[in-house]
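The values are calculated or read from the model by the stated rules, or taken from the named source; none is laboratory data. No experiment lies behind these values; they were computed from the predicted model shown. Every residue, glycine as well, gets a Cβ built from its backbone with ideal geometry; the counts of neighbours run over all protein chains shown.
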Amino acid sequence: MQEAAPRRSKAWKYSISEVTTYDCSFEEDVELYAKGGCAGIGVWGFKMERVGHARASELLQRYGLRAANCIPELNSIMPYALSPTPEDPAQRVEAFLPNMERMAKLNPETIVVITGPRGEHSLQEATDLCLAGFERIGKVANDLGVTVALEPVHKSAVDDLSFIWDLPGALSMLKQINHPNFKILFDTWHLWDTENVFQLLKDDIDLIGGVHVSDWRAETRTWMDRAFPGEGASSVFKLVSALDKAGYDGLYDIEIFSDNGQFQVAFPDSLWKLAPAEIVDRATRIFRG
């Protein structure tokens, strides 16, 4: 059953993160998203690097799209499922910086980073490594004039993605980073069941730099198994409404993972198997009401 849409005071500006149409090229994505009424595009490094940042910038300008929450390659301090090498955190940071610099040329809303899982490190060891890495990233981000958004993940994915798994944990790390270029990436899939989430959004909206949107399948199989906004169980409308009411004014960036065998499991009902035009239509439906 689709979630009923609440009344809204103004139109919600939306974008689509490129992983949503995983098998399409950058050129195909910008054309699809513009036709779907998007105001922006969440750029992924593995697609942008194939065309180069100059060509990517040209295409965004041609189609009238803003770069939303952008994800360069090697965007974690610790190695994780989508980026296992290099393993050394310091090497990862130095390799990440030129990727961030190229993506910064798109003038994105945010550059997204995660901690990665702590692996065999203690929590304190992993935290110290991440703080050192984020300090280095923050200084370069300041020079580039971009916002870095730290993304906490759902508690079910801590072994795959990040040891920061809720808003309080992300807020605590932000205080330790203590850098003006760092904010938080709020992902509805990861944070929908965080305790007191609505009050936290109200209290800390100034620290929300960007938003990812997808829905929670009633029978979620892995973190790469998501539903289109409004077609799942996580009250996406209420979360977006709370963000809007609290004062968030950025793009709502739709990000759908639905493994078709590219990574861990080939789900027979993978949303990535749908025609790209249908993916865009269903992904943006709740924002066009």
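If you scan the stretch 123-160, which residues turn out to be acidic (Asp, Glu) and surrounded by fewer than 20 Cβ atoms within 10 Å (Cβ to Cβ)?
Looking only at the stretch 123-160, we keep the residues that are acidic (Asp, Glu), and these are 125, 128, 135, 143, 151, 159-160.
Correct list: 125, 128, 135, 143, 159, 160.
Out of the stretch 9-30, which residues are touching a Leu at 6+ places or on another chain (Cβ under 6 Å) and of a type outside the set (D, E, K, R)?
Taking the stretch 9-30 as the starting set, the residues that turn out to be touching a Leu at 6+ places or on another chain (Cβ under 6 Å) are 13, 15, 30.
The answer is 15, 30.
Would it be correct to say that residue 31 is under 23 Å from residue 278 (Cβ atoms), among the acidic types (Asp, Glu) and either modelled with pLDDT under 95 or assigned to a helix (DSSP H, G or I) (or both)?
Working: under 23 Å from residue 278 (Cβ atoms): yes; among the acidic types (Asp, Glu): yes; either modelled with pLDDT under 95 or assigned to a helix (DSSP H, G or I) (or both): yes.
So residue 31 fits the description; yes.
Only one residue in 93, 140 is within 29 Å of residue 248 (Cα to Cα) and among the aliphatic types (A, V, I, L, M), so which one is that? Step through it out loud before you land on a result.
On the way: 93 fails: within 29 Å of residue 248 (Cα to Cα).
Being within 29 Å of residue 248 (Cα to Cα) and among the aliphatic types (A, V, I, L, M) holds for just one of 93, 140, which is 140.
Of all residues in the stretch 34-50, those that are in a helix (DSSP H, G or I) have Cβ atoms under 8 Å from Cβ atoms of residues that are of a type in the set (D, E, K, R), 6 or more apart or on another chain, in 45/73; 46/73; 47/18; 47/29; 48/102; 49/73; 49/102.
So, in the stretch 239-271, of the ones that are of a type in the set (S, T, N, Q) and touching a helix residue (DSSP H, G or I) at 6+ places or on another chain (Cβ under 9 Å), which residue ends up surrounded by the fewest Cβ atoms within 10 Å (Cβ to Cβ)? Before you say what the answer is, go through the steps one by one.
Pass one, the stretch 239-271, residues of a type in the set (S, T, N, Q): 241, 258, 260, 262, 264, 270.
Checking which are touching a helix residue (DSSP H, G or I) at 6+ places or on another chain (Cβ under 9 Å) leaves us with 258, 260, 262.
Values: 258: 23, 260: 18, 262: 15.
In this case the residue turns out to be 262.
Flag not set for residue 87, criterion: surrounded by fewer than 20 Cβ atoms within 10 Å (Cβ to Cβ), part of a loop (DSSP other than H, G, I, E, B), touching a helix residue (DSSP H, G or I) at 6+ places or on another chain (Cβ under 8 Å) and not aliphatic (A, V, I, L, M).
Considering only residues of the stretch 161-209 that are β-branched (Val, Ile, Thr) and within 25 Å of residue 125 (Cβ to Cβ), which is surrounded by the fewest Cβ atoms within 10 Å (Cβ to Cβ)? Applying the filter and picking the extreme gives 177. With respect to the stated conditions, residue 120 is free of Cβ contacts under 8 Å to residues at least 12 places away in the same chain and surrounded by fewer than 21 Cβ atoms within 10 Å (Cβ to Cβ).
Considering 32, 65, 60, 74, which residue is farther than 21 Å from residue 15 by Cα and of a type outside the set (Lys, Arg)?
74
Return the residue satisfying two criteria in turn: it lies in the stretch 173-218 and is assigned to a strand (DSSP E or B) and acidic (Asp, Glu), and of such residues it is nearest to residue 264 (Cα to Cα). By that ranking, first place goes to 215.
Restricting to the stretch 219-238, and then to whatever is in contact (Cβ under 8 Å) with a residue 60 or more places away in the chain and not in a loop (DSSP other than H, G, I, E, B), can you tell me which residue is surrounded by the fewest Cβ atoms within 10 Å (Cβ to Cβ)? Once the filter is applied, the top-ranked residue is 238.
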